[in-house]
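Have a look at the structure below before the remarks.
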Amino acid sequence: MMQTFKVDMMHKYEMFDSSLLHHFLGMNIIQTESSIFIHQRKYAASLLNKFGLQNCKVVSIPLVRSDKLRNDDDSGATDETQNRKIVGSLLYLTAIIPYLVYVASLLARFMHCLTNKHFGTTKRILKYVQGTLDFGLEYENGKGYVLIGYYND
């Protein structure tokens, strides 16, 4: 059934079958007989390079627990355009590094009133990303998966 659908699609639309998928929407895919590994190393590295943090010192956690972000923190205003680009890029990275969702969405809450403290937090998250360049999602053939989530009140 699937093969028939594929052939029908190839006749109806101008397309070709180039075998295994290697790259899709900024994600790299490595397929073997036993697994599929999806990562965004190239995208993350280009993001770090774009914002001048390609050789930055790596931090072990993306957000310091004692850091409380507020709308008005008296640290002064910052360049909103650049910070918005970084936060948007971080949101895209959550496809492969899902636990960045919290910190990226936390920063997105302050887009209307960005301060230097927010920008410092954004840079810290990029420093964390520097240490996750080799991270990805691996799906092994024949294994079942269970989604586990955590939250903190």
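Only the coordinates and a few stated rules stand behind these numbers; no lab work does. Just so we're clear, the structure is a prediction, and the values are computed from it rather than from any experiment. Ideal geometry is used to build each Cβ from the backbone, glycine not excepted, and the neighbour counts take in all protein chains shown.
Taking the centroid of alpha carbons for each part, segment 67-81 and segment 93-133 are 14 Å apart. Computed from backbone phi, the HN-Hα couplings of segment 134-139 come to 8, 6, x, 10, 10, 10 Hz, rounded to whole numbers (Karplus: 6.51 cos²θ - 1.76 cosθ + 1.60, θ = phi - 60°; Gly and Pro given as x). Looking at segment 40-137, the pairs of alpha carbons with a distance over 22 Å make up 22% of the total. Approximating the spin labels as points 7 Å out from Cα along Cα→Cβ, the A45-to-D72 distance works out to 4.6 nm.
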